[in-house]
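The values are calculated or read from the model by the stated rules, or taken from the named source; none is laboratory data. Remember, predicted model here, so these are calculated numbers, not experimental data. Methodologically, a virtual Cβ is constructed for each residue, glycine included, from the backbone with ideal geometry; neighbour enumeration extends over all protein chains shown.
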Amino acid sequence: MANADIIFTPDSDAGSISSDVAEYNGVLVTTQIPIRADGELELGDITSQCEATLQALKDALERAGSSMSRVLHLTIYLTDMADRAVFNEVYQRFFSKPWPVRAAVGVAALAFPGMRVEVTAMAAKG
């Protein structure tokens, strides 16, 4: 895509077919999965997966010049809506009032077997 007003930051995984962050007019969009700091996929219990996912989101936003406090909207994808309560507990460790606008969506499956959570966020830069 050749749009001078849109900036795409590549995913650190060389094999990825998705950008890590896209920026337009000071608004960033990023999608994160439960990746640990060592780059490995976290497929443990739902608490571990939620922590890894939100930490990956925090890291991606900070690399792009934003932060969790600048998140405007969050879409949460869960393979089991019963996991929403656990996600909410972890979420409250990463976010505070005023809460971002958000939606939780139940899905049949995610990109990798055993992966139970994924998030997409829109955040303001700065």
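Screening the range 105-123 for residues that are surrounded by fewer than 16 Cβ atoms within 10 Å (Cβ to Cβ) and either among the aliphatic types (A, V, I, L, M) or within 13 Å of the chain's Cα centre (by Cα) (or both) and picking the one that is nearest to residue 42 (Cα to Cα) gives 111.
The set of residues from the range 44-68 being of a type in the set (Gly, Ala, Ser), modelled with pLDDT of 95 or more and under 14 Å from residue 118 (Cβ atoms) comprises 52, 56. Counting only residues that are free of Cβ contacts under 8 Å to residues at least 40 places away in the same chain and in contact with a helix residue (DSSP H, G or I) (Cβ under 7 Å, 6 or more places away or on another chain), the range 89-110 holds 3 of them. Residue 86 meets each of the listed conditions (1) assigned to a loop (DSSP other than H, G, I, E, B); (2) over 15 Å from the mean Cα position of the chain (by Cα); (3) surrounded by 12 or more Cβ atoms within 10 Å (Cβ to Cβ) apart from (1).
What are the residues in the range 54-83 that are surrounded by fewer than 20 Cβ atoms within 10 Å (Cβ to Cβ), out of contact with any strand residue (DSSP E or B) (no Cβ under 6 Å at 6 or more places or on another chain) and of a type outside the set (S, T, N, Q), if any? Matches in the range 54-83: 58, 59, 62, 63, 65, 68, 80, 82. The number of residues in the range 65-88 that are closer than 17 Å to residue 34 by Cβ and touching a residue at least 12 places away in the same chain (Cβ under 8 Å) comes to 12.
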